[in-house]
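Student: Provided herewith is a single structure, encoded as structure tokens, for subsequent inquiry.
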Amino acid sequence: MTAIRRVAILGGNRIPFARSNTVYSHVSNQDMLTAALQGLVDRFNLHGLRLGDVSGGAVMKHSRDFNLVRETVLSTTLAPETPAFDIQQACGTGLEAAMLIGNKIALGHIDCGIACGVDTTSDAPIGVNEKMRKILLEANRKKTTGQKLSQIAKVRPSMLIKPTIPRNGEPRTGLSMGEHAELMAKEWGITREDQDQLALASHKNMAAAYERGYFADLITPYKGLSRDNNMRPELTIEKLRSLKPCFDKKVNPGQGTLTPGNSTPLTDGASAVLLASEDWARERNLPVLAYLTFSEVAAVDFFNKKEGLLMAPAYAVPRMLARAGIALQDFDFYEIHEAFAGQVLCTLKAWEDAKYCKERLGLDKPLGSIDRSKLNINGSSLAAGHPFAATGGRLIATLAKMLGDKGSGRGLISICAAGGQGVVAILEK
């Protein structure tokens, strides 16, 4: 039996993330993913190489995005013999892709691979009106021209102006992710001020990282953009305090704490990460930045048991820590995806809560607090934005570089996802 091999992270690449309906408003998923993937190929001189596998995906996909990742590979200078496959786990897609590629490497099935992700809400798929769709399908089934025309005659003008647009909401509750996060903030008593302060830190930390050139070898400029255009270096706490709540009308009327400033906007972008065995990296003289050592997924019952929609990482992390034999405090860096500032703060508060840890997580004692000075020190989603499937790759690449620069240490990645899911991982050097 083949011995389990260490999974090396050699680096990553992404295009700058852009607010929906701005710079990338006329760019497709495949265009963006190709740019991110080709940038990775260029950076690591992978031209013409046959890699073991490429895994990735998008949450918002058109029918034309069939076999998206494979078609993207064929659009790069990787060897066309490089296989690829699509996955989708909402906001956890990018990290889940890395876990799948990593497992193949660890088991000796492949020696190298790429995990990637992309999303656009500017170029969102729009379907025809449901009644119209059924009429057209029925027309297609008819044999004669007369029968087909008879069916098409049932189309009404109103059907043309009522397309089916993707909903930003959970099918089982009808509530948007922001509304669920508002409920979580209310349940955990997370203040507006604390959320605004976390958002401010994200922008300031990311702006500082850009100024010192930290992302120079992690980003390929695209469509005239060289930085994430959601980032606001000039942001002040006063500006954040002036914004009105935007998710409170249904769930917390007049008392909302989530605003456009402390919530991640809809975003377009793509990312990719190169993973390999140590031997493969050594043969090509590529330094190992970090190793993917542990991972975990979890889900909560947000419908029947009324758990917070974005609380699954609170469950996933202690399970992973138990397998790793370490404590929550045994990390040099914490990369916690900032879907909403309130969501991050709810998770941190849950780990500090003795009752929650005992009754929900089955622990003998609370996980405890983290050192906030180690949290998202180069900024995170509130500043960069959040193209759903691309966030995992951004977090992995950023954290791996941090560990590589330090030369040692351990980092935690935590991502909440739609459907009440959570995907988490540990990187070590």
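Just so you know, all these numbers are worked out from the coordinates, no wet-lab data involved. If you're wondering where the values come from, they're calculated on a predicted model, not measured in any experiment. Positions of Cβ are backbone-derived with ideal geometry, glycine not excepted, and every protein chain shown enters the neighbour counts.
Student: Here are some pairs, K406/K429; K349/K374; K401/K429; which of them have Cα atoms lying more than 20 Å apart in this structure?
Tutor: Flagged as over cut-off: nothing, all pairs pass.
Student: Further question: Before rounding to the nearest 500, sum -39500 (n - 2.57) across all DSSP H runs of length at least 4 in the chain and divide by the residue total; then give [θ] at 222 nm in deg cm²/dmol.
Tutor: Working: 15 runs with 155 residues, N = 429.
Computed mean residue ellipticity for the chain: -10500 deg cm²/dmol.
Student: Specify which residue in the list I152, T120, T72 is farthest towards the positive end of the charge dipole of the chain, using unit charges on the beta carbon of Lys, Arg (+1) and Asp, Glu (-1), about the Cα centre.
Tutor: I152
Student: Next question, about the same structure. Can you find, among I87, L136, A207, the residue farthest towards the positive end of the dipole of the chain? Put +1 on the C-beta of Lys and Arg, -1 on that of Asp and Glu.
Tutor: L136
Student: While we're looking at this one, here's another question. Where in the chain are the DSSP H helices whose C-alpha atoms run 20 Å or more along the long axis and whose mean Kyte hydropathy is at least 0.0? Walk me through the numbers before you get to the answer.
Tutor: Details: long enough: 29-43 (21 Å, -0.13); 192-211 (29 Å, -0.98); 391-406 (23 Å, 0.19).
Passing helices, by number: 391-406.
Student: If you work out Cα extents along the principal axes in Å from the coordinates, which of [x] 74, 39, 38; [y] 73, 58, 46; [z] 75, 52, 50 do you get?
Tutor: Identified label for the calculated read-out: [y].
Student: Suppose every Lys and Arg Cβ carries +1 and every Asp and Glu Cβ carries -1, with no other charges. What dipole size does the stretch 314-382 come out with about its Cα centre, to the nearest 20 debye? Don't jump to the answer; show the numbers that get you there.
Tutor: Working: 9 positive and 9 negative charges, 48 e Å.
The calculated dipole for the stretch 314-382 is roughly 240 debye.
Student: May I ask which residue of Y356, Y334, G385 lies farthest towards the positive end of the charge dipole of the stretch 334-429, with charges of +1 (Lys, Arg) and -1 (Asp, Glu) on Cβ and the Cα centre as origin?
Tutor: Going by the charge dipole, the pick is Y334.
Student: Could I ask something else about it? Just the projected area, averaged over all directions, of the convex hull on the alpha carbon atoms of the stretch 1-94: how many nm²? Please report the intermediate quantities before stating the final value.
Tutor: Values: hull surface 30.5 nm².
Mean projected area for the stretch 1-94: 7.6 nm², to one decimal.
Student: I've got another one for you. So how strong a dipole does the chain carry about its Cα centre when Lys and Arg Cβ are +1 and Asp and Glu Cβ are -1, to the nearest 20 debye?
Tutor: Working: 52 positive and 44 negative charges, 303 e Å.
That gives the chain a dipole magnitude of about 1460 debye.
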